[in-house]
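Student: This structure is in structure tokens; I'll ask about it shortly.
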Amino acid sequence: MSLVRDRAGLASALAAAALLLPLPVVAQDDASTNLSESIQVTATRLAEDVEPQPSSMTVISGEELAARGVHDLTGALSLVAGVSALPGGDGGPAGSVPEFWGLKEFDAFLLVVDGVPWGGAFNPALTTLDLTGVERIEILRGSAPVMYGATSFVGVIHVIHYQAGKGARAYSLGGGSHSSGGGSLSFPLSASGGYQQSINVGYDKEGFKDDRTDFDRSQLLYRGQLAAGGGQLHFDAAATVVNQSPASPHLRMGRMLSSLTPLDANYNPSDAKLDEKRYHLAAGFNRPVGSGSIGTTLAYTRTERDTIRGFLLDATNTAPNASGFEQDLTVDDLYFEAHWAQKLSEQIQLVLGVDYLYGKAKAESELFDYFVPLSGKGAQSSSSVVHDEETATEDERNFSGLFAQLEWRPTERFLLEVGVRENHTQEKRDAEAHPLGEPEDGEEEGGEASRTTTRASGYIGASYQLWSNDHDGLWVFGDYRDTYKPPAIDFGPEAEGDLLKPETATSYELGLKGRNLGGRLSWQISGFQMDFENLVVSQIVNGSPGLINAGTERFKGIEAEINVELPYDLRLQLAGAYHDAKFKRFTQLFDGEPTALDGKRLELSANDLAALGLTYAPSSGFRGSVEVSYVGDRYLNKRNTALSPSFTTYGASVGYDFGIGELRLEGRNLSDERDPVIESELGDAQYYRLPARSFRLVWSGKF
């Protein structure tokens, strides 16, 4: 059945709306000058307007985040077409699991902060992401096979802070439901001998209705910049400390979530924690050279994580009924990138570059069984039970690439981009498991494995400006992308010595972008198809969680977003998407029986997504915002027998600017929907629910 026949009404509505309305946001350039067009650096590493780029992109400015009362990635992405970042998951309540093009995987996208992969060669470090002092967020849908290669698969989220010495002197302080509270402070320091500096400080404590669930996050970012050697030398130093008390996913029994376990029960050990420390240093240099420029970045990150957690095995009050683990994890990441951009003529620009990403992770775990009543009260602590097995996993990754991208503008209206990248990836893993207390040279599980892959990836895209008038215009664009990515590692307690096959994907995209009414109206609509091979999915093997390759899949859909600046300081934003994510060819064992999943929808991938936002942001007096988000029905399992119904959430804020500052009341999930939204990779058939309704009162201002 075709997309049009499946959702003719939705597609027609989106297309009609796109012809009338727009896309997000007015951003700022490096000099903080307002532009009628949003700018981006994610697709090409160069500051360029979004509209002519032959890809689906959204830019969200820091001003928009402030006007909407947004403090985290979940709120920031809530009005982006086809993209969501629902909170929670195995990473803890401070994290989220973003979804692009109907694929919801914790590592399928790339998170970049100020030009550096945030999470290195392993998984995006979402729990340590803080939006204090952010100038803009750029979202690229689909892979970035040239500029980021094997680290970007279905999308890029690029968080960009104000440059050193730039941005407002701003602060905030607030508190709310479930003992939540926190504050932030951003300010440029006085320049010294041409050296510019800025500091961003943030602290956030978030409580939840779920029993024994909360987190607190402290963040410090120092940025420095100095004119030297005919260019700009920049330096970043950041430290983040996150302490989490994790929630428990809800157990599914058959086609429904279990009614034997209370909604907000917590089945973790009584001393459960997900505590993380992250230290980050980065330096770079940019310099104009002739009619072009050169740029380079070097970054090092150290992460230390201390985990105690567990999962309910069955809905009984028979001891033991839960399994847990204690783990010490350390990760070292090194990133280097250098590129040269040269304008070869008035029509041709060339970007050449090289990058290298190194990651080494070491996890040591001890496993144990324990008992927790189905009420969730009185769970045993990890120290009060016998630890019966220990595992150790060491994984080392080297990702390197040479890339070239050519931009050709034969006319003012036509843009052609062609890029190619030679990827070289190496991974070596050593894993072992044995009964606790027995010598390591005894009977063990695990093993050693290594894989080296050299493979090209590439991109070709074109856009044509069909019409233009002053600040208005209409563009048509299309692109083709081919890329691959080494398989995920979830750092669970198991000792997985095998390396799975790399994931590969090819995609096609076609769309329209428009800007009307003197730039006050912008919009984009696009259709895509992505063919995926060797998708990594979770599976329980011998009672333990594990990862496997899942044959082939096809993702296709239509996405549209609209942004219009209305009179009286109002802004209306609309977003909608139809996604069709299905297994194309895949057979998996269930209870020892092979089951063909061909044609089945991927679990937790909704066909329909929609969002509406209305913001009222005058320079003083009353302010406010309203947001409505709709998520269609989705299956909780691969066999498509457990259907979870659609749901709608509401958020709102209302405030008053007194001139010296603004007082704002913010509410999330006002409809108090508690639907399952994220599947656990560590617990069998278990799902994290939406957090309950919450409120926060925030005072913010500038000084």
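Student: Explain nothing, just compute: Karplus ³J(HN,Hα) = 6.51 cos²θ - 1.76 cosθ + 1.60, θ = phi - 60°, for every residue of segment 185-196 in order, whole Hz, x for Gly and Pro.
Tutor: 8, 10, 6, x, 8, 5, 5, 10, x, x, 8, 9
Student: Evaluate the Debye formula for segment 448-578 with equal point scatterers sitting on the alpha carbons, no solvent, and hand back log10 of I(q)/I(0) at q = 0.13, 0.15 Å⁻¹, in q order, two decimals.
Tutor: Here log10 of I(q) over I(0) equals -0.76, -0.86.
Student: Round to the nearest 0.05 the FRET efficiency obtained for residue 263 and residue 529 when R0 = 41 Å and r is the Cβ-Cβ distance.
Tutor: Here the calculated transfer efficiency is 0.60.
Student: Still on this structure, I have one more. Using the Karplus curve 6.51 cos²θ - 1.76 cosθ + 1.60 with θ = phi - 60°, what ³J(HN,Hα) values do you get for each residue of segment 116-121, in whole Hz, with x for Gly and Pro?
Tutor: Values, residue by residue: 10, x, 8, x, x, 7 Hz.
Student: Still on this model: Sorting 491, 583 on the 10 Å Cβ count, fewest up front, what's the list?
Tutor: The order, fewest Cβ neighbours first, is 491, 583.
Student: Normalised by the residues of the chain, what does the relative contact order come to in percent, with Cα pairs under 8 Å and at least six apart?
Tutor: 13 percent
Student: Around residue 379, which amide H atoms from residues at least 5 apart in sequence, or from another chain, sit under 5 Å from its own amide H, with H modelled in the peptide plane?
Tutor: So residue 379 has HN proximity to no qualifying residue.
Student: Which of the pairs 377/582; 343/513; 205/513; 513/702; 205/501; 104/428 have their Cα atoms more than 32 Å apart in this structure?
Tutor: Listed pairs above 32 Å: 377/582; 205/513; 513/702; 205/501.
Student: Right, next: For the chain, what does the helix formula give at 222 nm: sum of -39500 (n - 2.57) over DSSP H segments with n ≥ 4, over the residue count, nearest 500 deg cm²/dmol?
Tutor: Using -39500 (n - 2.57) per qualifying helix, the result is -1000 deg cm²/dmol.
Student: Please compute, over every Cα-Cα pair in segment 566-632, the percentage with a separation greater than 21 angstrom.
Tutor: More than 21 Å apart: 53 percent of the Cα pairs in segment 566-632.
Student: Further question: Would you please calculate the Kirkwood hydrodynamic radius of the chain over all C-alpha pairs and express it in Å, rounded to one decimal?
Tutor: Radius from the Kirkwood sum: 26.1 Å.
Student: For the residues 218, 382, 259, what sequence is obtained by ranking on other C-beta atoms within 10 Å, fewest first?
Tutor: Arranged by neighbour count, lowest to highest, 218, 382, 259 become 259, 218, 382.
Student: So if I place +1 on the C-beta of Lys and Arg and -1 on the C-beta of Asp and Glu, and nothing else carries charge, what would the dipole magnitude of the chain be about its Cα centre? I want it in debye, nearest 20.
Tutor: With only Lys, Arg, Asp and Glu charged at Cβ, the dipole is about 2520 debye.
Student: Assuming a ≥ b ≥ c are the square roots of the Cα gyration tensor eigenvalues, decide whether segment 66-111 counts as rounded (a/c under 1.5), prolate (otherwise, with a/b larger than b/c) or oblate.
Tutor: Note, shape of segment 66-111 comes out oblate.
Student: Rank the residues 424, 434, 280 as a footprinting-exposure proxy: fewest other Cβ atoms within 10 Å of their Cβ go first.
Tutor: Neighbour counts put them in this order, fewest first: 424, 434, 280.
Student: Can you check what the Kirkwood hydrodynamic radius comes to for segment 117-265, Cα pairs only, in Å to one decimal?
Tutor: Across segment 117-265, the inverse of the average 1/r is 18.5 Å.
Student: Please list, or write none, the aspartates and glutamates whose alpha carbon is within less than 15 Å of the alpha carbon of residue 556, excluding same-chain residues fewer than 8 places away.
Tutor: Reachable aspartates and glutamates: 6, 99, 479, 509, 531, 533, 580, 608.
Student: For segment 366-373, just list the computed ³J(HN,Hα) in residue order, Karplus coefficients 6.51, -1.76 and 1.60, θ = phi - 60°, integers in Hz, with x standing in for Gly and Pro.
Tutor: For segment 366-373, the Karplus-derived couplings read 10, 9, 7, 9, 8, 10, 9, x Hz, x marking Gly and Pro.
Student: Another question about this same structure. Using 7 Å Cα-to-Cβ label points, what is the residue 471/residue 255 separation (nm, one decimal)?
Tutor: 5.5 nm
Student: A further question follows. Could I have the simple spin-label model distance between residue 328 and residue 517, label points 7 Å from Cα toward Cβ, reported in nm to one decimal?
Tutor: With each label point 7 Å from Cα toward Cβ, the separation is 6.0 nm.
Read the figures in this text as sums done on the coordinates, not as results from a lab. Small disclaimer: the values here were computed from a predicted structure and weren't measured. Quick reminder, even Gly has a Cβ in these numbers, built from the backbone with ideal geometry, and neighbours come from all protein chains shown.
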